[in-house]
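First the structure, in the form of C-alpha cells, and then the observations on it.
The values are calculated or read from the model by the stated rules, or taken from the named source; none is laboratory data. Bear in mind that the values here come from a model prediction, so they are computed numbers and not experimental data. Note that each Cβ is placed from the backbone with ideal geometry, even for glycine, and that neighbours are counted across all protein chains shown. In case anyone asks, the SASA skips ligands and DNA or RNA and just uses the protein heavy atoms, side chains included. Shrake-Rupley method; radii C 1.70, N 1.55, O 1.52, S 1.80 Å.
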Amino acid sequence: MIIRIQSPNGTKRVEVKPTESTKSLFEKVHEAFELPSFRFALYLSRDKKNEVVSSPRKTLKGSKLNHGDMLFLHMLDDGGGCSKEKKVIKGSLADASSTTQNASKTAAVASTSQAVASTSTSQQAASTNQQVASSVKSKVEEDEVDRILAKEDGRIPRKLNPQLCRHGTNSKCVHCIPLDPWDENYLKEQNIKHISFNSYLRKLTSGVDKGKFVTLDDISCKIKGGCKEHPPWPKGICSKCQPSAITLNRQSYRHVDNVMFENPSLVERFLNYWRVTGHQRMGFLYGHYEPHLDVPLGIKATVAAVYEPPQEGSRDHVKLLPDPKKEIVDEIAEGLGLRCVGWIFTDLVPLDANNGTVRYLRHAGTYFLSAHEVITAAHFQNLHPNPCRFSPEGKYGSKFVTVIVTGDQNNQVHMEGYQVSNQCQSVVRDKCLIPTKDAPELAYIKESSAEQYVPDVYFKEKDQYNNEVVRLGRPLPVEYLLLDCPVSTPNEPVYSFAVNEANFPVANRMVEGHLQDFSALASYLSKFSNDQFLEAMSDLHVLIYIATMDMLPLREYLGPLLRAVRERDRSAALEWKRSDHWGTVEQLVMASGAQSGSSSAAADVAGSGTGQAAAASTSSWTCQHCTFINQTASENCDMCHLPQ
C-alpha cells in the first residue's frame, strides 16, 4: 500500500506492506526526504494528534493505517534540524539531475569513512574495555574466604585403585589422577547439586589462556542511553540501544554451599516470638564466611547472631519498617568480626498446639518460595554484592542467603536455605519482575509501557509430549530462579558469644516481658558478678542497647569492649568496666535499685496509715533522674523508664 507523507516542504509517497513495522515506515520516510536525523514524528492529523510511534513490534495494520492514508511529518527540534531539512529538499528540487552523481560519490566516500571510523572506534572500545577490566581486576578486594580458596589447588585427590592401577606409589594414571573440582561424576556420587562459585571460576580459567579473556557481566534490561538516531523511548528505539531478549537458564553454580548456625539456641531464641504471639517473624543473620570442606572449593556461611529489625507481623505476613539503628548494628557487628550474611523468616501455622506440630505447606506440589519472597531475596542480594575480580564492575552475584523456618513432612519445624540466580538479581534490579495476584509460585515479567521498555524473557520447559519448548515469562515459574542451599547445625555447638541463662530482651519485640528498657538492663546486670562482666556483654542485643540508650548512649566508647568480646579477653573487658562512662551507668543502676528499695519501704510505712493519704502521695511524682512529672502511680518513670 502507499502512504502519503506531508511535510512543510512538500509531500512524498512511501510504498510499504501492511505487515511491516512502524519502525520500517520511519526508515523509509527518513530515506525519502533525505533527513539528516530521525528527530521527527508522524501524526495522523495536522494538529499533532494521534501520533504513530516507531516500534519494531507494532505493524502498520495494527496502527490502523490503510492504503492512501496521509501522515503529517513534524520535526522535533525547530532549530538546526528544520533549517537543514529545508536546505536539503530545496537543493534537490532545484537541480536533481546534476547532483545525483555527486550525491552517490559523496555517499560512497561517507560510507567508507564511516566504516573506517566504526572499525577504529570498535578497536578503541575493545582496548579500552580490556584496560578497564585489567585495572578493575587489580583493584578489586575480594572477600577473605575467596582469597584463601584462590590459593588452594582445589583438585580432588584419589587413592590407588588396586584392580586398575599397575604402577608405583609415586606415579599417577587415569584411574587415580586427581579430579577437577567441577567433575560431574564426583558431584553426582557425593549428592552435590551445584558446583561452588570458585570451582566455576577455576573451570573458566583452566584453558590455555588461563582466564585472560574471561569476563563475568550481569545482564541488563535497560535501554542504552546516548542514542541520537531516533527519538527517545517511547517515541523510538533501535537495535543498538534496545536490550536483547533473555532466556533464563538454571544456574549451575552457587555462591554459598552451606549455611550453618553455630548452635540451636540461636533459632530457639528467634522462634520464641512466634511461640508467644503466633505471628510470623523476620531477622537478619550476622556471621562470617569460611571454606566448606564437604564441597570442592566451597563456601560456608556461619551464623553467630540474629538481629530482628522493626517490623509488623501477623499470622500470614511480615512487613518491614524503616530501621534507624541499621548503621549502628552493622558497625557493632564489624567490631565483633561479623557481617550480615543473610536473612531468616518464619512460615509456621500450628497443626496441633498440644503436640507442637505445624502444617506442611511448602513442597514440590505447592512452592518453595513465593514470588514475593523471591523478589525480596533478590533485592537483599543486590544490596550485598559479591566482589569479583573477573567482572568489569568489580562485583558479580551475591553471597547473601535466605533461610526459611517452616514445617517438614513430619509436621515438625525445620529450616531450608535458598539463593536466587544472578539472572533473577538483574531482572529484579531493573524492576522487570512482579508477583502474580493469586498464584504464589508464579511471577510475571512486566510488559513495556511509555515509562519503561521491558525486553522479552523466555524460559524452557517440557510440554505434554516431553519436547523442550521455549515459553514467554508471562507468567514465569519461580523455580527457574532458585538455588537450594543446605542449612545445618554442628554436632558440637559453637558459641561466639557466651551462653547466658538470663537472656537480654531482643530488640523491636513489642510484647510484654520482651521490651528493652533501663530496668531490663539493670535486672540483667544484677544476675552477673563483677568477674562475669565479659559474659554479660557477650550478647549482640546488649551491645546494641547500650550503644543507643536514650539517657547515655555509649556508641563512641564501645571500640575496646567490642575488641575484648571478639578476642575473649577478660582483663580488657574488666579494664573497660572501670572507665568513667560505664561507671556512670553503674551508678544509675545502683541508684535505681536503692530507690526502688526505699520506695518499697515507704510503701510499707504508708500501708500502716490511712488509705487516703497513701493514694494522695502516689497520685503524681517527679522523677529524680529526668525531672519528668508522672501522673500515674507506676513504679517506673514513663519517660526514662527508671524506678522512682
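Bridging of Lys159 to lysines at a Cα separation below 18 Å is possible for Lys172, once same-chain residues fewer than 8 apart are set aside.
Could you give the accessible area per residue of segment 421-482, probe 1.4 Å, as a whole number in Å²? Kindly include the intermediate steps, with their values, before the conclusion.
Details: 3340 Å² over 62 residues.
Heavy-atom accessible area per residue stands at 54 Å².
Restricting the calculation to Cα atoms, segment 340-394 yields a radius of gyration followed by a Dmax of 17.2, 57 Å. The trypsin sites (Lys or Arg not before Pro) of segment 141-182 that DSSP puts in a loop, and whose beta carbon has at most 15 other beta carbons within 10 Å, are Lys151, Arg155, Arg158, Lys159, Arg166, Lys172. Bridgeable aspartates and glutamates around Lys139 (alpha carbons under 16 Å apart, same-chain partners fewer than 8 residues away excluded): Glu393.
Considering only segment 337-428, what is the antiparallel percent among its DSSP beta bridges, to the nearest 5? So the antiparallel bridges in segment 337-428 amount to around 65 percent.
Which FRET efficiency value, to the nearest 0.05, do you get for Glu556 and Thr215 by plugging their Cβ-Cβ distance into 1/(1 + (r/R0)^6) with R0 = 60 Å? Mind dumping the intermediate values first?
Working: r = 44 Å, r/R0 = 0.73.
So, using R0 = 60 Å, E works out to roughly 0.85.
The charge dipole of segment 493-567, taken about its Cα centre with unit charges on the Cβ of Lys, Arg, Asp and Glu (plus for the first two, minus for the last two), comes to roughly 160 debye. List, in the order given, every pair from Lys28/Lys228; Lys326/Lys431; Lys326/Lys399 whose Cα-Cα distance in the structure shown is over 21 Å. Beyond 21 Å between Cα atoms: Lys326/Lys431.
Computed over segment 391-455, the P(r) tail beyond 18 angstrom holds 59 percent of alpha carbon pairs.
The value of relative contact order for segment 300-358, using C-alpha pairs under 8 Å at least six residues apart, is 21 percent.
Applying the criteria of a DSSP loop state and at most 12 other Cβ atoms within 10 Å to the trypsin sites (Lys or Arg not before Pro) of segment 295-349 yields Arg315.
Which loop-located GluC sites (Glu not before Pro) does segment 218-271 contain, where loop means any DSSP state but H, G, I, E or B and the Cβ has at most 10 other Cβ atoms within 10 Å?
none
The distance linking segment 307-376 with segment 392-452 is 14 Å (Cα centroid to Cα centroid, whole angstrom). If you take the alpha carbon atoms of segment 384-524 and fit the smallest convex hull around them, that volume is 296 Å³ per residue. Counting only protein heavy atoms and a 1.4 Å probe, tell me what percentage of segment 221-271's accessible area is made up of carbon and sulfur. In segment 221-271, the share of accessible area belonging to carbon and sulfur is 54 percent. For segment 532-595, the Cα-based Rg and Dmax, in that order, read 11.6, 37 Å.
Look at the alpha carbon pairs under 8 Å that are at least 6 residues apart: their mean separation over the length of segment 528-587 gives a relative contact order of 32 percent.
Think of each Lys and Arg Cβ as +1 and each Asp and Glu Cβ as -1; about the Cα centre, that makes the dipole of segment 134-277 roughly 440 debye.
The convex hull of the Cα atoms of segment 4-64, projected and averaged over all directions, covers 4.1 nm².
Mean projected area of the Cα convex hull of segment 227-285, taken over all directions, amounts to 9.3 nm². Taking all protein chains into account, the per residue accessible area for segment 307-385 stands at 50 Å² (1.4 Å probe).
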